[in-house]
Amino acid sequence: MASRLLISVLPCRRTTLWCCFALMGLVAIDARSKEVVSITSLLEEMTDRSQLCQFPQPEYTCKQFSSYDRRATSAEDQESWYANWDRSQFVRIEERDGGKEFVLMDAEGPGAIVRFWGTWHGPKGKPFSNGTLRVYLDGSDTPAIEGPVADVIDGGLLTEGPLSQGVSPKTEYRRRGHNLYLPIPYAKGCKITYQTDVFLDEGGKTGEALYYQINYRTYEPGTQVETFSMERLRAAQAALESTQAELTAGGRPSGADWKQVTWHGNIAPKQSVTLAAKESSGAVRRIRLKVDPNASLQALRSTVIKMQFDGEECVWVPLGDFFGVGYKPQPYQSWYTAYSDDGVMSCEWVMPFAKGCDISLENLSGEAVAVELGEVSFSDWKWDDRSLHFHSTWRQYTEEVTGGSDSMDVPDGASDKNYVTVEGQGVYAGDTLTLFNGAAEWWGEGDEKIYVDGETFPSHFGTGTEDYYGYAWCRPESFAAPFHAQPEGGGNLKGGFSVNSRYRALDAIPFEKSIKFDMELWHWAATKVNYAPTTFFYARPGAVVNVAPDAESAKLKVVLDLEEFASK
């Protein structure tokens with residue numbers, strides 16, 4: 001079409017040049033919309049951090065199938081809303097060759113599976129049968145993927161870690177969360193089933209228990225997608241190996257065109273300093289900070305990083321929470337953030353701006369904070385109508401009373417805690433939860449509920465807080481992977497401090513009008529917790545965010561002693 005239009009304007013002399021330039025733009029837009037989505041293109045997108053800060057093209061939605069308790073139908077019914085038999089719940093049951101296939105997912109349209117998490121056990125805790133998982137694509141009766149479910153998700157049938165990995169490696173296998181991030185694209189539709197000879201009942205109350213979450217994209221109609229096959233997976237091995245290597249290494253070296261701004265020095269009590277500022281278009285590519293290792297842990301909570309982009313307040317978060325370690329740091333590395341053995345905190349979020357930015361640090365505490373390293377890397381950026389500002393929010397539910405129930409049916413004290421609500425257009429990119437648990441019981445039985453563009457029922461309804469963060473069974477062992485991490489989990493079962501992070505790439509959630517992220521707080525004990533979520537998202541200028549800076553909470557003395565906290 002574009003070539004025919006170009007020919008038609010060639011005879012026009014005075015306007016030919018203008019028309020050609022305009023049509024070149026149309027051709028570029030048309031070319032982007034006609035790009036074929038494939039295993040290789042999705043792997044390349046996964047490791048291109050700049051993709052998140054542009055509204056997606058082709059456009060897509062990201063939703064989730066899961067084994068959440070189907071009794072949960074409305075927040076108006078509080079008891080059923082927190083129903084907790086979040087396992088062995090399926091879309092439907094089909095007959096196949098005299099046996100039953102339990103349908104986990106059934107989606108139409110061009111799309112892609114972008115995350116598959118699962119965990120399992122046999123009837124009443126007995127060994128798991130490791131039944132057959134089948135992935136049917138584009139209406140075919142022959143599965144494109146077939147094998148024991150554990151082999152498919154993280155047993156090497158498709159690929160190796162970190163794209164296919166159980167966590168924590170320190171946890172015994174049967175209590176791990178199993179994660180598959182290998183993209184599985186399809187042109188017309190996808191159905192996933194599970195089959196086993198072992199008894200399997202709804203909710204897994206007496207039979208085999210299968211917990212699962214499947215995040216998937218649905219592209220706008222007309223998007224060209226090259227459907228997954230094992231042959232195409234083999235053909236994509238070079239891209240797959242490159243992606244695995246990049247994810248393992250934590251990313252790419254600095255770009256040749258990046259320019260660094262550095263600062264170091266003391267921040268006096270109740271004072272702010274400018275870390276870096278720019279009065280033109282560009283993008284932040286990396287931030288590295290190191291606080292004096294002899295400083296108190298309070299410095300990581302009461303020193304706040306603040307960012308303005310094009311005159312809008314976009315970031316206000318305590319340092320430790322922003323970099324994924326809370327206030328009791330442990331070394332780890334994810335795809336977007338890291339804390340090194342020598343105490344350097346770093347982030348790799350790409351943060352574009354049209355006219356300028358200002359990044360500052362504020363010391364809310366009563367003691368000076370020594371910053372040994374402050375470095376911000378900038379690159380050029382051409383701002384357009386798809387570009388998005390980076391945002392990060394922090395809030396703390398302080399000494400939140402939990403009620404308490406270890407019953408799957410009686411949700412005493414369970415409640416939904418809002419991470420963030422955003423009005424505007426953007427992309428949700430991840431979150432960190434820093435928590436101090438006041439009792440030696442599990443705190444995270446609750447499910448995520450994510451509402452996109454005014455949904456009355458969440459298109460993401462989870463199966464447990466630890467499942468959302470990639471692990472399982474309340475386990476305290478630490479782990480770090482590109483898209484999920486638990487640098488410290490000691491507070492999970494013994495009480496005390498824990499920090500969990502989930503970072504998104506292909507499973508980022510675009511929103512046209514709004515997004516609301518709630519997480520159930522369901523504790524097994526009647527106690528209290530400090531519950532502090534940090535969120536990361538991108539949005540067009542003018543977005544309205546419901547979380548405001550909270551200096552009073554950030555100034556509160558950090559909790560280190562369980563007995564002292566419990567006795568308050």
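The values are calculated or read from the model by the stated rules, or taken from the named source; none is laboratory data. This is a predicted model, so every value here is computed, not measured. Because the Cβ atoms are built from the backbone with ideal geometry, glycine has one as well, and the counts that use them run over all protein chains shown. Note: areas computed on protein heavy atoms with side chains; ligands, DNA, RNA excluded. Shrake-Rupley method; radii C 1.70, N 1.55, O 1.52, S 1.80 Å.
Restricting to segment 244-253, what's the tally of residues that are outside any loop (DSSP other than H, G, I, E, B) and touching a residue at least 40 places away in the same chain (Cβ under 8 Å)?
Total satisfying the criteria: 4.
So, in segment 60-95, exactly how many residues are farther than 25 Å from Gly404 by Cα and open to solvent by 10 Å² or more (accessible area, probe 1.4 Å)?
Of the residues in segment 60-95, 11 are farther than 25 Å from Gly404 by Cα and open to solvent by 10 Å² or more (accessible area, probe 1.4 Å).
Just for segment 544-567: of the residues that are open to solvent by less than 20 Å² (accessible area, probe 1.4 Å) and among the small types (Gly, Ala, Ser), which one is nearest to Arg301 (Cα to Cα)?
Within segment 544-567, the match that is nearest to Arg301 (Cα to Cα) is Ala554.
Taking segment 337-355 as the region of interest, how many residues are of a type outside the set (Asp, Glu), closer than 21 Å to Trp381 by Cβ and open to solvent by 10 Å² or more (accessible area, probe 1.4 Å)?
Residues in segment 337-355 being of a type outside the set (Asp, Glu), closer than 21 Å to Trp381 by Cβ and open to solvent by 10 Å² or more (accessible area, probe 1.4 Å): 3 in total.
Got a sec? Which of Ser377, Ser365 is in contact with a Pro (Cβ under 8 Å, 6 or more places away or on another chain) and among the small types (Gly, Ala, Ser)?
Exactly one of Ser377, Ser365 is in contact with a Pro (Cβ under 8 Å, 6 or more places away or on another chain) and among the small types (Gly, Ala, Ser), namely Ser365.
Can you name every residue in segment 128-149 that is out of contact with any strand residue (DSSP E or B) (no Cβ under 6 Å at 6 or more places or on another chain) and without any contact (Cβ under 8 Å) to a residue 24 or more places away in the chain?
Of everything in segment 128-149, those that are out of contact with any strand residue (DSSP E or B) (no Cβ under 6 Å at 6 or more places or on another chain) and without any contact (Cβ under 8 Å) to a residue 24 or more places away in the chain turn out to be Ser140, Asp141, Thr142, Gly147, Pro148.
Gly98 passes all but one of (1) surrounded by 20 or more Cβ atoms within 10 Å (Cβ to Cβ); (2) modelled with pLDDT under 95; which number fails?
Status for Gly98: all satisfied but (1).
For segment 254-373, which strands (runs of 3 or more DSSP E) that fit wholly inside it have 3 or more residues that are under 27 Å from the mean Cα position of the chain (by Cα)?
Filter on segment 254-373 gives 282-291, 303-309, 312-318, 337-339, 345-347, 351-353, 357-363.
Taking Ser377 as meeting all but one of (1) over 24 Å from Asn500 (Cβ atoms); (2) outside any loop (DSSP other than H, G, I, E, B); (3) open to solvent by 30 Å² or more (accessible area, probe 1.4 Å), write down the number of the exception.
Failing condition for Ser377: (3).
From the set of residues in segment 472-485 that are part of a loop (DSSP other than H, G, I, E, B) and aromatic (Phe, Trp, Tyr), which is nearest to the chain's Cα centre (by Cα)?
The selected residue is Phe483.
Do we have any residue at all in segment 490-507 that's of a type in the set (Gly, Ala, Ser), in contact with a strand residue (DSSP E or B) (Cβ under 7 Å, 6 or more places away or on another chain), modelled with pLDDT of 95 or more and surrounded by fewer than 22 Cβ atoms within 10 Å (Cβ to Cβ)?
Yes, the conditions are met somewhere in segment 490-507.
Within segment 486-568, considering only strands (runs of 3 or more DSSP E) that don't extend past its boundaries, which have at least 1 residues that are touching a residue at least 40 places away in the same chain (Cβ under 8 Å) and among the polar types (S, T, N, Q)?
In segment 486-568, the matching strands (runs of 3 or more DSSP E) lie at 496-503, 514-521, 528-539.
When Val529 is evaluated against the numbered criteria (1) out of contact with any Lys or Arg (no Cβ under 8 Å at 6 or more places or on another chain); (2) under 20 Å from Trp394 (Cα atoms); (3) surrounded by fewer than 21 Cβ atoms within 10 Å (Cβ to Cβ), which criterion, by number, is the only one it fails?
Every listed condition holds for Val529 apart from (3).
Looking only at segment 192-223, count how many residues are closer than 25 Å to Tyr503 by Cα and in a strand (DSSP E or B).
Looking only at that region, the number is 11.
Go through segment 65-108 residue by residue and tally those that are out of contact with any Asp or Glu (no Cβ under 9 Å at 6 or more places or on another chain) and part of a strand (DSSP E or B).
Qualifying residue count, segment 65-108: 6.
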